[in-house]
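See below for the structure under consideration.
The values are calculated or read from the model by the stated rules, or taken from the named source; none is laboratory data. Small disclaimer: the values here were computed from a predicted structure and weren't measured. Cβ coordinates were reconstructed from backbone atoms using ideal geometry, including for glycine residues, and neighbour counts include every protein chain displayed. In case anyone asks, the SASA skips ligands and DNA or RNA and just uses the protein heavy atoms, side chains included. Shrake-Rupley method; radii C 1.70, N 1.55, O 1.52, S 1.80 Å.
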Amino acid sequence: MEGTVFAPALEGMKHVKAEEGEMLTKPFLEVCKQILPVIDKFGAAMALVKSDIGGNITRLENKYLSNPSEFNHLYSMVRIEIEAKTAKASSSCTNGLLWLTRAMDFLVELFRNLLEHPDWTMSQACSDSYGKTLKKWHGWLASSSFTVAMKLAPERKKFMDVIGGAGDINLDIEKFCTTFSPLLEENHKFLASVGMDELKAS
């Protein structure tokens, strides 16, 4: 395999925004999809996260495929739900985008931890990033399941070797965090502008 597991996602991020600056649905979802193989390398510890991310990608993708020209821009599906007053429903695309973005925040934070704290174990890195991102939005049940799952995190060095492939893993992690963060931030800003960034899990 050429390069690290991040290579396809890093390539994809170059195409996420239209020339006029709008976030594009298909390229954004493609990048999220390309992160799934990275999550796979965590094994059982990330099974919950992976199914959550996969489900939200599918939900948004189905909406996009129902009318690709209307939903070419990522936020158009949210705007339509806001107008129809269906955005707060648990099965809405707004909800899907919010939780997809939060799960990606968690992963960016996790990889940032692995980069900045070479002495931390994988479980420490996971717990810290969970505390900074998803925890405040999760109810007790989700939070407990997550904490248990984190205990299954793989050994750090083994994990880094697996995701490194033939590339410079630290460089790619840094690129991933610095390039993806502003895109996620933009999603939050947009969701906040329509009053949808504070929804909690039931």
Task: Formal net charge of residues neighbouring residue 80 (Cβ-Cβ distance under 10 Å; K, R +1; D, E -1) - done: -1
Open item on the list: Could you put 5, 162, 148 in order of accessible surface area, largest first, with the 1.4 Å probe and the full protein assembly present?
Closed with: 148, 162, 5
- [ ] Mind putting a number on the dipole of the chain about its Cα centre? Charges go on the C-beta only, +1 for Lys and Arg and -1 for Asp and Glu, and I need it in Debye to the nearest 20.
- [x] 700
- [ ] Would you mind telling me which residue in 109, 83, 186 has the biggest mean-square fluctuation in a Gaussian network model of the chain, where springs connect alpha carbons within a distance under 10 angstrom?
- [x] 83
Open item on the list: Using only the Cα atoms of the range 140-202, what semi-axes does the equivalent ellipsoid have when each is the square root of 5 times a gyration tensor eigenvalue? Give whole Å, largest first.
Closed with: 30, 23, 5
Task: Candidate values [x] 28, 21, 14; [y] 45, 21, 12; [z] 42, 20, 13, label of the one derived for semi-axes √(5λ) of the Cα gyration tensor in Å - done: [x]
Task: the chain: calculated mean residue ellipticity at 222 nm from DSSP helix runs of at least 4, using -39500 (n - 2.57) - done: -21500 deg cm²/dmol
TODO: Kindly express, to the nearest 10 degrees and within the range 0 to 90, the angle between helix 169-193's C-alpha long axis and the longest C-alpha principal axis of the chain.
DONE: 30
Task: Neighbour cut-off at most 13 other Cβ (10 Å), DSSP loop, trypsin sites (Lys or Arg not before Pro), the range 1-47 - done: 14
Task: Kirkwood Rh in Å, taken over all unlike Cα pairs in the range 1-60 - done: 12.4
Open item on the list: Using Cα springs under 10 Å in a Gaussian network model of the chain, which residue among 39, 80, 169 shows the largest mean-square fluctuation?
Closed with: 80
Task: Eligible lysines near residue 135 by straight Cα distance, threshold 24 Å, same-chain separation 8 or greater - done: 33, 41, 50, 88, 151, 189, 200
